[in-house]
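Structure first, commentary second.
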Amino acid sequence: ELNGIDFLSFNNKKTDLSQPLSSLYDNYYGRNIGAVILISDGNFNSGTTPLIVAEKFKRTPFYTISVGDTIQKVDHLVKTVINNDIAFLNNKFPVEVSIEGNLVANKSFDVQLLKDGKVLLTKQLKHQDNEYSLVTTDFLLDANAIGIHEYTVKITDLDKEYNFDNNEKSFFVEVLDDRSKLLFVVETLNPDVGAIKSALVSENNLEVEITSIEDLPSDFTKYDLLVWF
């Protein structure tokens, strides 16, 4: 939180630079702020990047003072996990994972994708031959149960690693059974109708039915689209 203090204690367990900047913007923006002076080692490990919040201050200059230990630590971490918030039942959905590494050149490691504590998939990756490494990989998962599901991406610990807490990241995906129903009404069966159905059933979000004029259903309300062929 943004508070007035008389001294620095350095006894908190995380650094969220975006939160105090957001509070500063909400409470004081538009009141002719002369400048913002930010004193930090720059290593934020919570919240969003402070650059996004700082860009809101259109007419306020920022001055940054770097302090603290400048020695780079041996560490790798799950940097980002990109996934859809919603997936549809019996479909597959992709997950993209980025792993960042510092001073871990050419080191191999495993990345696991877990659901409810059980390992679904495992890949073996290797960091780039640089002091700074960024490795990206993809997973393709099955949406086979309705509801909200928690997944966890976890990477194996490395020798002499500075921080093990950032070696995993969790995310949630909601699986819905929301398929649209389509009804084809045909006078006679023909190859055109069969070809159209074959093309549409490949879309897992569509449920296709074909009926003749003589066998029209008594209730059309359950269908999202009616096609008279």
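From the square roots a ≥ b ≥ c of the eigenvalues of the alpha-carbon gyration tensor of the chain, which class results: rounded (a/c under 1.5), prolate (a/b over b/c), or oblate?
prolate
Take the alpha-carbon centre of the stretch 186-229, take the same for the stretch 30-65, and report the distance between them in whole Å.
Centre-to-centre distance over Cα atoms comes out at 58 Å.
Subtract the Cα-Cα distance of Asp85 and Ile71 from 0.36 nm times their separation in residues, and report this length gain in nm to one decimal.
Extending this stretch completely gives an extra 1.2 nm.
Each residue of the stretch 91-105 in order: what ³J(HN,Hα) in whole Hz does its phi give by Karplus 6.51 cos²θ - 1.76 cosθ + 1.60, θ = phi - 60°, with x for Gly and Pro?
9, 9, 9, x, 9, 10, 10, 10, 10, 9, x, 10, 6, 10, 4
Report for the chain the percent antiparallel among DSSP-assigned beta bridges with both residues inside it, nearest 5.
70 percent
Testing the spin-label approximation: label points 7 Å from Cα along Cα→Cβ at Glu131 and Ser23. State their distance in nm.
3.5 nm
Of the cross-linked pairs Lys92/Lys222; Lys118/Lys197; Lys58/Lys169, which ones have a Cα-Cα span greater than 29 Å in the structure shown?
Pairs exceeding 29 Å: Lys118/Lys197; Lys58/Lys169.
Would you mind checking which residues have amide H under 5 Å from Lys107's amide H? H placed 1.01 Å from N; only 5 or more apart, or other chain.
When sequence neighbours closer than 5 places are left aside, the close amide H contacts are His127.
Once phi is turned into θ = phi - 60°, what whole-Hz ³J(HN,Hα) does the Karplus curve with 6.51, -1.76 and 1.60 give for every residue of the stretch 170-179, x standing for Gly and Pro?
Taking θ as phi minus 60°, the curve returns 9, 8, 10, 9, 9, 9, 10, 9, 10, 7 Hz for the stretch 170-179.
Whole angstrom only: what separates the Cα centroid of the stretch 122-176 from the Cα centroid of the stretch 75-102?
One Cα centre to the other: 7 Å.
Against the longest principal axis of the chain, how steep is helix 18-28, in degrees 0 to 90 to the nearest 10, with axes from Cα atoms?
80 degrees
Contour minus end-to-end for Asp142 and Lys118, with contour as 0.36 nm per residue of separation and end-to-end as the Cα-Cα distance?
Net length gain for the segment: 7.2 nm.
If I model a spin label at Asn166 and Thr48 as a point 7 Å from the Cα along the Cα→Cβ vector, what separation in nanometres do I get?
Spacing of the two 7 Å Cα→Cβ label points: 1.9 nm.
At 0.36 nm per residue, and after removing the present C-alpha to C-alpha distance, how many nm does the segment from Asp110 to Glu209 gain when stretched out fully?
31.1 nm
Under a crude label model (7 Å from the Cα following the beta-carbon direction), how far is Ile196 from Asn12 in nanometres?
Each label point is offset 7 Å from its Cα along the Cβ direction, giving 6.2 nm.
Calculate, for Ile33 and Ser98, the FRET efficiency according to 1/(1 + (r/R0)^6) with r their C-beta to C-beta distance and R0 30 Å; round to the nearest 0.05.
The value I calculate is 0.30.
With the full set of protein chains in place, find how many percent of the accessible area of the stretch 39-189 is carbon and sulfur; take the probe as 1.4 Å.
After summing per-atom areas, the C and S share lands at 49 percent.
Grab the other residues whose beta carbon is less than 12 angstrom from that of Phe220, score K and R as +1, D and E as -1, and report the net.
Taking every Cβ under 12 Å from that of Phe220, the sum is -1.
Please list 3J(HN,Hα) in residue order for the stretch 151-165, calculated via the Karplus relation 6.51 cos²θ - 1.76 cosθ + 1.60 where θ = phi - 60°; whole Hz, with x for glycine and proline.
Running phi through 6.51 cos²θ - 1.76 cosθ + 1.60 with θ = phi - 60° gives 10, 9, 9, 9, 10, 6, 6, 10, 5, 6, 6, 6, 9, 9, 5 Hz.
With every protein chain left in place, what is the accessible area per residue of the chain in square angstrom, probe 1.4 Å?
Here the per-residue accessible area is 68 Å².
The values are calculated or read from the model by the stated rules, or taken from the named source; none is laboratory data. The shown structure was predicted, so the numbers you read here are calculated from the model rather than taken from an experiment. Backbone-built Cβ (ideal geometry, glycine too); neighbour counts: all protein chains shown. What goes into the accessible areas is simple: the full protein's heavy atoms, side chains included, and nothing from ligands, DNA or RNA. Shrake-Rupley method; radii C 1.70, N 1.55, O 1.52, S 1.80 Å.
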